[in-house]
Each structure stands twice: as C-alpha cells, then as structure tokens.
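The values are calculated or read from the model by the stated rules, or taken from the named source; none is laboratory data. This is a predicted model, so every value here is computed, not measured. So basically every Cβ, Gly included, is an ideal-geometry build from the backbone, and we count neighbours across all protein chains shown.
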C-alpha cells in the first residue's frame, strides 16, 4: 500500500519515520494488515543507498516469502529508485544513479533462492554437488513416495531389525506408516524423536483378556436387542455394537495378541449412541447403564492397555521412519537434488560451522531485509542471525548479536498462519527479543486498505479474540487505525451476511446448501457487474463501476472451490481458482486416465471394459456381451471373432449377436489401443500421451463443454505437469499413476488448479483457499462455505523451547471413514497434543483475522440462517448476525443453461441433425502427416545452404536394427539432456531392451551418446538460457495436419537453434552432402513449425549425423 492513500499523517507516522531515519540500528516492524509494510521496506532500501550506509547495491539483499511477492518488491523498488534518483542532487544522485545502473546486482527473492545463491558461491565448503538442482515441493513429495516404496520393498526382502514382525505383533502393518513418513520428512532439523525404553514390552495379556471375555459375556446375556437404524452421520448404535463385539470375542483366541489388540482398540472410543426412538420405547435406562459400563471398561481396561500398545508401536514406527528417511536422503544425494529444507539447513550449517565463510558473506551482504518473517521456517532465523552476527565464531544462533543497522525485519504475528509448514511463532518471539535488545521494535497500525466502517468492525470483532498480553501461542491484539482517506460513497460497502437455509445444509455434507450459496454469490456478482454497481478503491476519490476483478471468494477448504467456479461459469463470469483441485473435475482427464490405464494393462479386462464403455469408444453393454458370447477375449491384442452372429438376426435388437457394426466398433477400439501402446513404447511417455490426447479429440471435447476455455486449458496444464514430473517419474506407469492422483485430487499438491486456454482479456473473480489469499486484497470479499470445518488432526509437536536440542513428537494416525484413528504415539502424547492444540487454536483466530482483513470496502460472511452448523466463520456470528443480508438479485439473464421443455418432435429432429453432422464428420477433410514423411516425399520444398563441420566419429551399428537403433539413440539423448549422464549406462540398457536390441550393444550406444555430449552443439545447448528436448508439434498445412518431434531446441542470443539427430551412415568417402541434401526439407519444415507454433525466431537449424567423418552438419535457415 502506498502512503499516498491517506490525506493526513497517520497516528503511527513517528514509527514510519524511524525506518528511514534510524538506518544505523536494527529494526523489527510489526506491521498489521494493510499498513504498508512493502512500502516501508522499499523506502529503507532506497534510503540506505541514498545516504551511503549501504555502499554498494550488490551488498543489499531483500528476502520475501513467495516468488510473487519478490517480483512485486523488485518492481516497486526499481520504480522508487528511479523516482528518487530523478529528484536527487549532488552526491546523493551519484550514489543512486550508480545503484540504479547496477540494480540487477541486488538480491531480491525468496529465502530458498537466497540460500541457493549462498551454496552456489561456496559449494565445496557446503558439501553440496557443484551442479546441484533445486527441487520444488511437488517433485520432492514424489521423491518421498518413491523412497517409502523403496524402503518397504527392501524391508520385505530383508528385515534385519525385525520391523515387520514387531509391527505385526502389536497389531499394525508397515503400510500404515506411509502418510506419517511424508510428515516425518518435513522435520530434518529435529535432533531427536524420544521413544520408550527398548526394554519395555506389552503389559500382561491374561488379566486384560479375562476382563474382555467377561464383558462380552455380559453383552450376550443382556440381549436379544431390537434393530436400531444407524445415525445419519454414520457409525453404529449401541445395540449393534453389543451384538457385533460379543460375537467377535466369542470366536476369538485370547492367546492371539494381534487379535486381542484389535478388539480392545474398538473399545477405546466413546460409547455408542442409541436413537431417541429406542429410548422412547423403554430402552433409555438400559442405554444409560450400558454406556456407563462401556466408559468404565474403557477407562480401566481398554484405554490403559491401548496406550501402552501405541507407545510400543511408536518405538518401532520411529525406527522405521528414520530408516526410510536415510533412503530418501540418499536419493536426493544421488540426484544432486536439494529440497527447500536442504537449502536452508545446509546454508545454516555452512554459516555456523565455518567462521571464515560467515565473514565472507557478511562482507558480501552488509544489509539484510526480511519480509513476512512470521511465516518463515525456524532455520531462516538461524541464517539471518549468523549472517549479521558481530562475532563470526558464535555457533549458538540465539546468542548472536546482529551488527548495528545490518538487519531489518518485517512481520505481523497476528497473520502467522503457516504452522503446518513449519512456521513457528516461538522462533518469531525469540528473534523479536534479540532485535529488541539490540535495536528497536516498531508497530504499524494505520490501515490504508479498508474503509473506516470495516476498520471499526475488525477491531470490534477481533480485539476480544486475541489475549490482552502476548503469550507463547499468540500475540496481543493491536487496534487498527484508520489510514485511508474518506472517499465518495459507493454501492458496495460495509458488512453483509449471506444466510443459507438450514434445511439445505442437512445430509450429503450440506451439498444443497453449498449450491444455494454458490449460486447466490455468482448471481450477486453478475448483477453488480451488469448494473454498473460502484466501488471506491483505496487512493481514489471517485467511485467507479465494478469489474469481476473486484471480487474475491475465500474458503478455508479447497474442496468447495470448484463449486463456486462452476457457478461463475454458468453466468459467464471470468474467474481464476488458486489453491484448489480443479483438474480433478475435468472429465476429459478422467477419460484420458481410463484410456491409459487400459493401454498399459493389456491383461486387465476390468480396465479395458472401463475404456470400451466410456465416452471414448461408446460400446454398449449389449455389444460387449455379444462379443464375449461369441468367444471374444477382453484383451486388445486379441482379435475380434468373425461370423459369429446369425444371418437372420444380426441387428442391434438381438442382445446375444455380434453384428458387423458391433464387431467393427470393438475392432476399431482395439486397433486404437494397440496404436497407443506402440506410441508409448517408441516415444517419450509425455510426447506419446500428448499425441493420444490429440488422437482421441479430448482437447476439442473439453473446449465444447461449458467453460470450455478452462476445461481445454486444464487438459493442457495436466500435460505440462506430467512433463515437469517425468524426471522423477521415469516410467510410463509412474506418470499414469501421477495422472490418477490429479484426477482423484490426491497427493497433497496445491498445484492442481485449472487454467484458461485463452489469453487473459479481462479482470477475473479470484477464488482461493484461505492460505492462498494471504497478502492479497479486493474491494469485495466473500468469506464463503457455510459448512467447512477447521478441525484437524494434531499429528506433530516440535519442542524448540530448549536451547540444547530440538525434540520431535508425532502421533501416527490411520484414516478411516469417519475420523482418523490414533495407531501409535509417544509417551505423554495427550499432554503434548494439548500444548500443540493451544498453538492450533490461536492460529485459527489468526486465520479468521487474515481472511476478514482482505476486504477494502465490503465483507460478506456466510452463515447458516439458524446460526448453527460447523463453519470456520461461526466465531464471527455475534458480529455479523445483526448486519443486513446480502440482497438476492433474482433471476439473472446470463445463465447459460436455462431449463426448457423438449417435445418428442424436437428430439427426433435433433437426432436427425446429429446423424447429419456425424455423416459430415466422417468425410475426410484433412490428412494427418508425419513431418519427416511429408518432407521426404518431395511434396515439401525449400532451398537451403549447408555448412558441413568436421567432428569426431561415432560408432553406429548397421543392419536389421537400423531404425530401432535410431529410436534407442534418440531416447537416451533425450533422457541425458533432461537429466544428466549419471545414469547413462542404465538409460542405454533400458532403451535397448525396449527396442528389442541385443543388450550387449550397450557399449556402442553409450559411446554414440558420449560423442554427441562432447560436441559443440551439445555444449551450446547446456549453456543456453532455455532448452527443449523431444518437443512435439502439430502444424496445420493446407489439408494436412503435420505432426513431428524436434529432437533438441535451445535459446541463444538472436534466436532459437533446433537440432535433428540422424543415424545415417556416410558414404564410402565419409561424404555427408547427399544425406544432408536429403534431409534439408525436413529440418526446414521443423524450423517453420517451431516459428509458427511459438512465434519465436529460429536463427539456426542443425542436422547432427552420428556417422562418417563429419558427424555435425549445420543447415543455415533463410532469415536466421
């Protein structure tokens, strides 16, 4: 927020002045929502340069929380520097002009990119690979899954520690630890995970078994029981449990320890309920007495025994998780990959353990500015204090004293909402105290974002939610001041409540209520835009008509976001979803997964049936039955039976006959699936998948649906995600599994939002989950989703309060239909969970505060009309229930799909029209041509000059495997270019086996690839800013659709260079001119296709021959 948005000096002006006046001291600014913290950072950065406190812009570093925030800070810093330089004079102008000329030397980025910069400058001392690769969270998660799979596979083959039998004896399986491993891997900085004494064992079994059998006997003798329907929320009633558990115990073996544990675990929960109907029929006293008996048995028998069991399980589980993490660490090391935690920890270790390196970086970065510090990782605190410490030999970060004026930190503990991502408010408080003792702590409270009415409401709603004095779990509340100048009244302002009828919120997770709410929001936005409702933006005096970009919809959970998106689509309102799982609702991706599942599992008849019955092929159950009855096999590699239908009743009306049209449909489907299988075998997997998408017409089908731009764009985005994942998911099966996770909305990724296939032409409504809304604002904000719970399972507690070591504790849960079940836990877990619960409860308040402070002019809060329900916004009820309801605008004319009556005649007419269109569609309007085939056919012409360059000779085997050899060479070159040559031999072996070539030729293939890797063209590609490998293209060319794949393309100054590998052997005298002339049209066609598809210039095209005395032949492209 710019300071230009208020008319008079705000009440905290003295605090703001100190930022640019007191440059020689360290400062922490606690900047409340909308108070202009980014402006304060920019002002201090400029002032440090203007006054010469920071003598070189190269020694200035600004660290932000996200890449988007870094881009915004960089732009605002440059604009401010240009503005101040233009007005400065004398020495100030000289300093600023020099800084402006070297602005690219100033580091502005995330903490992870900053750490990567430190490590790349001193990789040897840091002990990292010289060419290490930074991996994103999604890729890191996939690597964790691979590590866990590898660990479990090794465990089954060889279990020297006896992990599996120990788990089995305690009634647990290794598969139950998979989710916990993903969480465990988040905490590599935990020094120790305390576990029970190794000598401790399960408590005595016999007395527990006796109590259990006695209770079961009582259950049986208290019957018989009448039926009692289960509760609407699911689960079992008391009568059902008494019958079920008594039966299980009667047939059990008390000496079977896993069985006993399983039974007792079912008693370690709240007593089952009884319906009101049964109580009215005279069973109320029975229910009261038996529920009390259940509670007593749980308290005295089941709970103590299961607590001991869970603690014994925990000891084994932590051992397993630690062993699996060693494999995970080894995988990253082998790949030269560093995840975000590696970047932080290795940087912290480097600065802590090597004083001379710390001194070097202290001179390298004299002034460090940190934004959004309340949500950063605890290791970041260590890095910034080591980097600014006066004593380079101090190894304990909490005792580091920062150099005067070297550290400037901005944060707001009231907006700390990322504890699940390791953000720790305790660490924030530690740093605050260090800076307070060695500098100043300032407070910003003047809010320039919201209107005065919203400021008053925010103070009223939240002042009582925060403690009066700060605690370990929560900061104290700081009242917001009005910093925004009064402006012209607008149509959209103030607080509104959106009441959802409570009767719509019952059953099916409140789906009807969510539909009602989403529809009303969409209609309200559509009405406001169409009637020209006005809004006044911060810093503007006059009200202006709203656009879709003035609205923001926030929900805590991401599951509901697609419902709002769908409703906005229906009313033709542009929108963007962030933090959701839109890809899981794109039907074409489900169809693609169904098809690929069938192709890659030819021996799975269920997968094949799923594909045949789907929209992809549309084969009826009658046809499939007839196919099977005629002797057909559900294997697309098998044939379709011929002549197995009676001549006199071979029509569709006969359910058992395989009529010609039925046979042809199945034959066509089988042929397509066989073709797709060949593509997946011969081409890089993602290139093959993209070709299958095109062949199935999935992009066109997606574009034809409602909101087709987003549907089609989402299909393309899914392909890009697959392409990005192929480095860590090298096999086709892995990629298809990843696609399956997208379709299911699984995998824990926040990166499954759809995108439009069209360029942005207008501002759009933003639909976000709450964490994605952090740092954003909008004139009108909807706090949406009337039935979303903030309740979550507390599974981790990390104790950073002690200086000596960091201790970790974890509850291991198993997902069930209703709620997670605790399966293993450390000693004292209930107390630890209570401590973490206090942190969690405090963060819930902060989440509501963050959401409510996104609004500039109008805030709409969704609530059930009876004030009940399970909603994250319920705590705001007392402050919104008396506010006006959001006006219902009534019917909106822009609804794309209004219901209408359809007559039989209309149906018949539509059917005829469909048949007519289908007939037209069957007419051939274009031919699909392979680029190479077209270019070499003589139909494509284009003169070109050739320049033959001498180079080394590669050994190219000749004979029957010529074509397949070429495919193997292309495959290995693609893999090496995308990754590196660390696994070259493995790549070669796999490629030969796939091509059906004798594996003994592995040496020949490796030598061929190595020759290419030593060439100038390969080195140029590695040094290029951008490069593409096996880039497929589709080029319309008259009545042809030309398809091809460019082996290599890379960007240099002046344009792109494209390369096509050829394994042709040279002539007897080593001359390649004949072969080069032959392939000239092909490389020119590739160049044209690249320029047409990308709009970017190709400056050079290269034919690279892997035979003869001159393996590299460069073909100059006209105009390059």
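Quick look at the values:
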{"quantity": "Filter result for the condition that a residue is in contact (Cβ under 8 Å) with a residue 24 or more places away in the chain and surrounded by fewer than 18 Cβ atoms within 10 Å (Cβ to Cβ), over 1060, 1016, 1047", "calculated": "1016"}
{"quantity": "Residue within the range 391-405 that is within 32 Å of the chain's Cα centre (by Cα) and either within 12 Å of residue 26 (Cβ to Cβ) or not in a loop (DSSP other than H, G, I, E, B) (or both) present", "calculated": "no"}
{"quantity": "Of all residues in the range 363-382 being part of a helix (DSSP H, G or I) and touching a helix residue (DSSP H, G or I) at 6+ places or on another chain (Cβ under 7 Å), the one that is surrounded by the fewest Cβ atoms within 10 Å (Cβ to Cβ)", "calculated": "364"}
{"quantity": "Out of 164, 130, 202, sole residue that is in a loop (DSSP other than H, G, I, E, B), touching a helix residue (DSSP H, G or I) at 6+ places or on another chain (Cβ under 8 Å) and free of Cβ contacts under 8 Å to residues at least 60 places away in the same chain", "calculated": "130"}
{"quantity": "The range 3-25, subset in contact with a strand residue (DSSP E or B) (Cβ under 6 Å, 6 or more places away or on another chain) and assigned to a loop (DSSP other than H, G, I, E, B), residue modelled with the highest pLDDT", "calculated": "25"}
{"quantity": "Close pairs (7 angstrom Cβ cut-off, 6 or more residues apart or separate chains): within 12 Å of residue 139 (Cα to Cα) in the range 727-740, assigned to a loop (DSSP other than H, G, I, E, B) anywhere", "calculated": "727/979; 738/729"}
{"quantity": "Qualifying position, being modelled with pLDDT of 80 or more, out of contact with any strand residue (DSSP E or B) (no Cβ under 9 Å at 6 or more places or on another chain) and within 19 Å of residue 963 (Cα to Cα), among 1062, 1078", "calculated": "1078"}
{"quantity": "Scan of the range 110-127 for residues that are part of a helix (DSSP H, G or I) and closer than 25 Å to residue 373 by Cβ, ordered by number", "calculated": "111, 112, 113, 114, 115, 116, 117, 118, 119, 120, 121, 126"}
{"quantity": "Single condition residue 77 does not satisfy, out of (1) free of Cβ contacts under 8 Å to residues at least 40 places away in the same chain; (2) out of contact with any strand residue (DSSP E or B) (no Cβ under 7 Å at 6 or more places or on another chain)", "calculated": "(2)"}
{"quantity": "Verdict on residue 286 being surrounded by 19 or more Cβ atoms within 10 Å (Cβ to Cβ) and either over 20 Å from residue 821 (Cα atoms) or in contact with a helix residue (DSSP H, G or I) (Cβ under 8 Å, 6 or more places away or on another chain) (or both)", "calculated": "no"}
{"quantity": "Answer from 540, 515 - the residue that is over 25 Å from the mean Cα position of the chain (by Cα), surrounded by fewer than 23 Cβ atoms within 10 Å (Cβ to Cβ) and under 24 Å from residue 873 (Cβ atoms)", "calculated": "515"}
{"quantity": "Given (1) crowded, with 16+ Cβ neighbours inside 10 Å; (2) at pLDDT 90 or above; (3) closer than 30 Å to residue 280 by Cα, index of the condition residue 187 fails", "calculated": "(3)"}
{"quantity": "Filtered residues of the range 686-740 (kept if at pLDDT 90 or above and not in a helix (DSSP H, G or I))", "calculated": "697"}
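The rows are residues; the columns are (1) in a loop (DSSP other than H, G, I, E, B); (2) at negative phi; (3) touching a helix residue (DSSP H, G or I) at 6+ places or on another chain (Cβ under 6 Å).
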residue: 456; (1), (2), (3): no, yes, no
residue: 461; (1), (2), (3): no, yes, yes
residue: 469; (1), (2), (3): yes, yes, no
residue: 475; (1), (2), (3): yes, yes, yes
residue: 478; (1), (2), (3): yes, yes, no
residue: 485; (1), (2), (3): yes, yes, no
residue: 488; (1), (2), (3): yes, yes, no
residue: 496; (1), (2), (3): no, yes, no
